[in-house]
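Chemist: Here's a structure for you.
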Amino acid sequence: MLRLVAASLCLRCPSVAAVALNPRRCATLSSAENQQTVEDLYDLSVDIQKIRKLNGWVLHQSPAYAKEVAELLKDMGASGPIIARIITVHPEAVLCQLGHMQAQRELWMSVCPGQKELVGIIEKFPASFFTPTSHHGNQRDNIAYFQSLNLNKRIVTKLMASAPQSFSRSVEQNKVMVHTLQQAYKDLGGDEANMKIWLQKLLSQNPFVLLKPPEVLRQNLLFLRDKGFSTAELLHLLSKLRGFVTELNPDSMRSTLSFSQETIGCSEAELRDIILKCPAVLYYPRSTLAERIDSMLKAGISMSQIIATPTVLELTTQIVTYRMQRLKSHGYDARAGSLEVLNGTKKDFEMNYGKLQLRRERPIFNPVAPLKGDD
């Protein structure tokens, strides 16, 4: 019974499902914890209690390779605390055999600048590195394919780390989606000379775009074309939506567009202009848009201000409230001026805020005033 429970737990975790299905890799389950593994993890200062709570089945496996994992990471430059964090977050790593881990290191180093950078990636995405042996061939083939597209190695590394599923599957599946993206870009009038840069940016901003069915992209572009967006505007959206055009579907967009037009009180042409300025309007849920618009109206911001600067809708209610209060404390009332000063990241806001302060504090120069001379 315990064997079945552990197998069930193993299969629920996508990153280790293939391990359980591969009889050559699957460790033997014991009714008691593997004391050697527990001792090795204690020696490495790993949080055993956390593992018992979240991934206790790992401690029952035999054989395990905690020391070998630690030695490999140490050889790559990882410190003791980093090794402990990696194993605590992803204890399945101790089930990987040394030969497979060494092969993974060689594979990743073919696209990674150095071992220090690779350690940083493993710390953030341990499941992407400690993958089942059955994925190794697909990983190698996908690396070769993306390199054949002349993509920056940094982009390939980011894809492997943040969207490992796209490298674990057949390279043919990725080829189909990449071809669909490239064809859409060209059909919409994109400059072929810039296509590599466009594709790199798209994959970097949304690595999971590769995992979407190609038909979704075609359906969404056809829907938006029917809504009056020109070819050039569709290319703009495909570039600015960070790949989210594949996260959407015609039904969700139809609902959002209808709600936005009714709430804002604008024509279809005006709504298209708003979306081109702020593509996020297309994929935010109706409830999110309603909350943000309502809170700004209650704060005294007019609908005309929102229409003029729709990108303010990308900010949460809390952020807008905080920024308005901070500006007001220094004499700037967002209700009576442009909302541009509210926009952007925290860094952007601090920069705009600093410019406003400087403008208020700088003395006005009077060109006709006499200059003070030495007495």
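Chemist: Once you have the Cα-Cα distance between E350 and K153, take 0.36 nm times their residue separation minus that, and quote the gain in nm to one decimal. All intermediate terms of the calculation are to be shown ahead of the outcome.
Modeler: Details: separation 197, 0.36 × 197 = 70.92 nm, distance 3.32 nm.
The span from E350 to K153 would gain 67.6 nm if fully extended.
Chemist: Just to check, using Stokes-Einstein with a Kirkwood Rh over alpha carbon pairs, what's the diffusion coefficient of the stretch 218-268 at 10 °C and 1.306 mPa s in µm²/s? Walk me through the numbers before you get to the answer.
Modeler: Working: Rh = 11.5 Å.
Translational D for this selection: 138 µm²/s.
Chemist: Sticking with this structure for a sec: Given just the C-alpha atoms of the stretch 99-214, how large is their convex hull per residue in cubic angstrom?
Modeler: Output value, Cα hull per residue: 94 Å³.
Chemist: Which ³J(HN,Hα) values, rounded to whole Hz and listed in residue order, are derived for the stretch 78-90 from phi using the Karplus coefficients 6.51, -1.76 and 1.60 in 6.51 cos²θ - 1.76 cosθ + 1.60 with θ = phi - 60°, glycine and proline given as x?
Modeler: Residue by residue, the stretch 78-90 yields 6, 7, x, x, 5, 4, 4, 5, 4, 6, 5, 6, 9 Hz.
Chemist: Using alpha carbons only, how many degrees (0 to 90, rounded to 10) separate the axis of helix 115-124 from the longest principal axis of the chain?
Modeler: 80 degrees
Chemist: Through the Karplus equation 6.51 cos²θ - 1.76 cosθ + 1.60, θ set to phi - 60°, convert the phi angles of the stretch 105-113 into ³J(HN,Hα) values in whole Hz; use x for Gly and Pro.
Modeler: 4, 4, 5, 5, 5, 6, 10, 8, x
Chemist: In whole Å, what is the distance between the alpha-carbon centres of the stretch 56-93 and the stretch 219-255?
Modeler: 45 Å
Chemist: Another question about this same structure. For q = 0.06, 0.14, 0.15 Å⁻¹, what log10 I(q)/I(0) does the chain give under the Debye formula with an equal point scatterer on each alpha carbon and no solvent?
Modeler: Values, matching the q order: -0.37, -1.14, -1.19.
Chemist: Mind scanning K201/K346; K67/K124; K201/K355; K201/K347; K74/K212; K201/K298 and naming the pairs with a C-alpha gap bigger than 28 Å? If you can, show how the numbers build up before the last one.
Modeler: On the way: K201/K346 22 Å; K67/K124 21 Å; K201/K355 31 Å; K201/K347 22 Å; K74/K212 37 Å; K201/K298 38 Å.
Too far apart for the 28 Å limit: K201/K355; K74/K212; K201/K298.
Chemist: Choose one of S168, A336, S134: the residue whose Cα lies farthest towards the positive end of the charge dipole of the chain (beta-carbon charges +1 Lys, Arg; -1 Asp, Glu; about the Cα centre).
Modeler: Sorting the options by dipole projection puts first A336.
Chemist: A follow-up question, please. For the stretch 123-277, compute the orientation-averaged projected area of the C-alpha convex hull (one quarter of its surface), in nm².
Modeler: Numbers: hull surface 40.6 nm².
So the mean shadow area of the Cα hull is 10.2 nm².
Chemist: Taking the Cα centre of the chain as the origin, how large is its charge dipole in debye, to the nearest 20, when only Lys and Arg (+1) and Asp and Glu (-1) carry charge on their Cβ atoms?
Modeler: Numbers: 45 positive and 36 negative charges, 32 e Å.
Roughly 160 debye, rounded to the nearest 20.
Chemist: Turning to a different aspect of this structure: Helix 171-187: angle to the longest alpha-carbon principal axis of the chain, degrees 0 to 90, nearest 10?
Modeler: Rounded to the nearest ten degrees, it is 20.
No value in this document is a laboratory result; all are computed from the given coordinates. Here the structure is a predicted model, which is why all the values come from computation and not from measurement. In this analysis, Cβ positions are derived from the backbone assuming ideal geometry, glycine residues included, and neighbour counts consider all displayed protein chains.
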